[in-house]
Amino acid sequence: MKAIVYTQHGLPIDDPQALVDTELPMPLAGPHDLLVEVRAVSVNPVDTKIRLGSAVNEPRVLGWDASGIVRAVGANVTLFAPGDEVFYAGSIVRPGSNSQFQTVDERIVGKKPANLGFAEAAALPLTSITAWELLFDRLRVPEGGGEGKSLLIVGAGGGVGSILTQLARRLTKLTVIGSASRDATREWVTKLGAHHTVDHTRPMQPQLEELGFANVDIVISLTHTDRHYQDIIDALAPQGQLALIDDPATLDAVPLKRKSISLHWELMFTRSMFETADMVRQHELLNRVAAMIEDGTLTTTLGEHFGTINAANLRRAHALIESNRAIGKIVLENF
């Protein structure tokens, strides 16, 4: 089967060897696995981070967002059958989705929204799971709850921010404030449902005060947490909550003590990496997201379509992700 791999970590994305086209053997489905014919993928910051930072001794397939068609199932599979159209984010400890076929545990797979094409669906899984787990599992905001409280999303125009803004606005009563630094991004975030926007390239606390917020109750930091850390602490109310998903080199929790701010990490791969007892929750929440797409509650966060799934187009996608200028999700479709 066709696949795109990297064979040496740390190469700059303008190096033709950073990602290369190759042929790999077809994978075999394990007991809980689906064998999926991949029809579309999207690119996330995790793809670029692993390509740059994780050494390999054999070709590695990246990609942790896909939609496609189930072609075979393992002996213990009960949730899907051949022919089902699915979408999923996969597991970071298994080969990724940048290949014509992929095996994935059925417990982290959802049924593709019936009203979306494969490209639009591929934009959703990783960011939807991350946003959902942030809001409802880590921060424990009740669905329909949060009335009278405020949420600041730092980096609201990116992939996770785009779905998180929608979930917070549609499923809670939180006042949603999204940070965005460009006019196009502010328009995007507002369209997705943010009540207000602020510019994270300037101190955010004075901007929040201008909007009438002395402090905010929750901050979800999606990018450059280390750069915004003191600003976030200043913006948070006493006994507030800070959640983050990025990878600061270090994070000193001591400055949170004075305000009794709680700290919450989210990694959507935790359940699949450790095969937790509640791993099937990701199947359930993806099906919930699909239903909300179908009834118009949520919209796809596809930002740009980069064409066919091949090394050259994936290098272009990685470059845009690394520029920190992507709005929404970058998708590729067909081999």
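What net charge is computed for the residues neighbouring A156, neighbours being all others with C-beta under 13 Å from the C-beta of A156, Lys and Arg scored +1, Asp and Glu -1? Present the calculation step by step, with values, prior to reporting the outcome.
On the way: positive: R169, R182, R186, K191; negative: E187, D199.
That works out to +2.
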| Extension gain, T308 back to S323 (0.36 nm per residue minus Cα-Cα distance, nm) | 3.3 nm
| Given a 1.4 Å probe and every protein chain left where it sits, what share in percent of the accessible area of segment 139-265 is carbon and sulfur? | 48
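When ligands, DNA and RNA are left out and all protein chains stay put, how many square angstrom of accessible area per residue does the chain have with a 1.4 Å probe? Each step should come with its number before you reach the end.
Details: 13870 Å² over 335 residues.
Here the residues of the chain average 41 Å² of exposed surface.
Which order do peptides 218-225, 258-265 fall in by mean Cβ count within 10 Å, highest first? It would help to have the intermediate numbers written out before the result.
Values: 218-225: 22.8, 258-265: 13.5.
Highest to lowest by the protection proxy: 218-225, 258-265.
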| remark: Per the rule of 0.36 nm per residue minus the C-alpha distance, extending E37 to K257 adds in nm 74.3 nm
| Spin-label zone in segment 123-140 - amide nitrogen under 14 Å from a point set 7 Å from the Cα of F274 along the C-beta vector | 138
| message | So for the chain, averaging the separation of alpha carbon pairs under 8 Å that are six or more residues apart and normalising by length, what relative contact order in percent results? | response | 20
| query | What number, in percent, do you get for the relative contact order of segment 139-265 if the mean sequence gap of Cα pairs under 8 Å and at least 6 apart is divided by its residue count? | reply | 22
| field | FRET efficiency for R288 and E23, using Cβ-Cβ distance with R0 set to 35 Å, rounded to 0.05 | value | 0.40
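Going by average Cβ neighbours within 10 Å, how do the peptides 95-101, 178-184, 80-86 rank, with the highest at the top?
Ranked by mean Cβ neighbours within 10 Å, highest first: 95-101, 178-184, 80-86.
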| note | Listed by chain and number, the lysines with an alpha carbon less than 18 angstrom from that of K173, same-chain partners under 8 positions apart left out, are K149, K191
| If we restrict to alpha carbons, what Rg and Dmax does segment 139-265 come to, in Å? | 13.3, 37
| query | Given K111/K259; K257/K329; K259/K329; K49/K112; K112/K259, which pairs have Cα atoms separated by over 32 Å? | reply | K111/K259; K257/K329; K259/K329; K112/K259
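The values are calculated or read from the model by the stated rules, or taken from the named source; none is laboratory data. Since the structure is predicted, the reported quantities are computational estimates derived from the model, not experimental observations. Every residue, glycine among them, receives a Cβ derived from its backbone with ideal geometry; neighbour counts consider all protein chains shown. All accessible areas refer to the heavy atoms of the entire protein, side chains included, with ligands and DNA or RNA removed. Shrake-Rupley method; radii C 1.70, N 1.55, O 1.52, S 1.80 Å.
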